[in-house]
Amino acid sequence: QNKISGRLTHNLLLLHTISIMGLSKWLHPLTSQKTEDGTYDPSPFTLALGTSTKTSYIAQNYETKYTGNKPILVVCTDDGKMKMKNDKVFNTGNHPIEMFLPMLHFRDAGFTFDIATVSGGPVVLEMWAYPTKDEHVKSLHESVQSMMEKPKKLADIESLDGYAAIFIPGGHGAMVNLPESVELGRLLHEAHDKSLPTVTLCHGPAALLATKAGEKEFAYGGYKSVCFTDKTDGTTPSFGYLPGQMPWKCQEALETQGIEIVNTSETGATNVDRELITGDSPNAAQNLGVVAAPILVEFHAE
């Protein structure tokens, strides 16, 4: 009995030590992890299986490249706090692979970038998804970091005359304040009217809802698109990706406005419908860049 009691005491002390060391999360691998500021990161299970230290970037040989001087306008989120239905706050932002991997292909095709957010505040990334061993991403990130820290304010961009395209990276952060931005809606309406290539992926298509902000008519009724599905979002709290159910549904909101979402799961698929070029998930980031870059080049060919 004394031996059993001794082992129990030893095990309890070991668990207490593990907790003190900040490793208690491994005792709950399917539970979203609460951070020091009270927000939640994805579970250890999600981070182990759903993130990668490197991207699938494969450089393409673009025989024809863009030779103009108009940058791509990259519209990012400056708010990475998403309150779920249960009031827990998910620590989100733009997914770094969804942002930088398509940008690598745009860069390879001859394009440069301008970065903007709603408030002009710094871009927020889902740093828990950062590909820490991908030198291509790290190099590109470094080259645009000053713009990410001090981006333009959307309201200060009077028109898209000086831009080659719009790119809206995904990540749940694209659903926080972009869909309600009147200024983004104004720019997207202009892009729509001019058939200016508009590229987005995963939860990024939620930002298209900005075109109905300020009681405007939604610009993309009748378009086809892919996005991250509501079905998958609904399952992710069960293994701790999200700390609760979504506050609203990206796919449902787009379909309500008349977009036809053509994917039923996430396979890395892309879709092109007129000026709108979309990808379904982080797995589509490589494919989206490969598909979109030549379209952008051709659009500006003289």
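The values are calculated or read from the model by the stated rules, or taken from the named source; none is laboratory data. What you see is a predicted model, and the numbers here were worked out from it, not measured in a lab. In this analysis, Cβ positions are derived from the backbone assuming ideal geometry, glycine residues included, and neighbour counts consider all displayed protein chains. In case anyone asks, the SASA skips ligands and DNA or RNA and just uses the protein heavy atoms, side chains included. Shrake-Rupley method; radii C 1.70, N 1.55, O 1.52, S 1.80 Å.
On the stretch given as the range 266-282, residues that are open to solvent by 40 Å² or more (accessible area, probe 1.4 Å) and under 19 Å from Met175 (Cα atoms) total 2. When you scan the range 119-127, do you find a residue that is in contact (Cβ under 8 Å) with a residue 60 or more places away in the chain and not acidic (Asp, Glu), even just one? There is no residue in the range 119-127 that is in contact (Cβ under 8 Å) with a residue 60 or more places away in the chain and not acidic (Asp, Glu).
Just wondering, is there one or more residues in the range 236-244 that are over 17 Å from Met82 (Cα atoms) and either aliphatic (A, V, I, L, M) or surrounded by fewer than 18 Cβ atoms within 10 Å (Cβ to Cβ) (or both)? Quick ask: steps written out before the conclusion?
The first filter runs over the range 236-244 and keeps only residues over 17 Å from Met82 (Cα atoms), leaving 238-239.
Still in the running and either aliphatic (A, V, I, L, M) or surrounded by fewer than 18 Cβ atoms within 10 Å (Cβ to Cβ) (or both): 238-239.
Yes, because at least one residue in the range 236-244 is over 17 Å from Met82 (Cα atoms) and either aliphatic (A, V, I, L, M) or surrounded by fewer than 18 Cβ atoms within 10 Å (Cβ to Cβ) (or both).
Condition first: of a type in the set (Val, Ile, Thr) and either farther than 14 Å from Gln145 by Cα or surrounded by 21 or more Cβ atoms within 10 Å (Cβ to Cβ) (or both). Now tell me which residues in the range 105-124 satisfy that.
Ile115, Thr117, Val118, Val123, Val124
Candidates Lys88, Lys138: the one that is modelled with pLDDT of 95 or more, surrounded by fewer than 23 Cβ atoms within 10 Å (Cβ to Cβ) and touching a strand residue (DSSP E or B) at 6+ places or on another chain (Cβ under 7 Å) is Lys88.
For the range 284-296, a residue qualifies if it is more than 19 Å from Lys194 (Cβ to Cβ), of a type outside the set (Gly, Ala, Ser) and touching a residue at least 24 places away in the same chain (Cβ under 8 Å), and the qualifying residues are Gln286, Leu288, Val290, Pro294. All conditions in (1) over 24 Å from Phe100 (Cα atoms); (2) in a loop (DSSP other than H, G, I, E, B) hold for Phe228, with the sole exception of (1).
Yes or no, residue by residue, for (1) among the aromatic types (Phe, Trp, Tyr); (2) more than 30 Å from Leu30 (Cβ to Cβ); (3) assigned to a loop (DSSP other than H, G, I, E, B):
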residue	(1), (2), (3)
Glu190	no, yes, no
Ala207	no, yes, no
Gly221	no, yes, yes
Gly234	no, no, no
Leu242	no, no, yes
Gln245	no, no, yes
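For the range 171-218, a residue qualifies if it is among the small types (Gly, Ala, Ser), touching a helix residue (DSSP H, G or I) at 6+ places or on another chain (Cβ under 7 Å) and surrounded by fewer than 21 Cβ atoms within 10 Å (Cβ to Cβ), and the qualifying residues are Ala213, Gly214. In the range 192-209, which residues are among the small types (Gly, Ala, Ser) and over 22 Å from His95 (Cβ atoms)? Ser195 - this is the single residue of the range 192-209 that is among the small types (Gly, Ala, Ser) and over 22 Å from His95 (Cβ atoms). Among the residues of the range 129-170, those identified as over 19 Å from Ala59 (Cα atoms), part of a helix (DSSP H, G or I) and either among the small types (Gly, Ala, Ser) or in contact with a helix residue (DSSP H, G or I) (Cβ under 7 Å, 6 or more places away or on another chain) (or both) are Ala129, Ser146, Leu154, Ala155.
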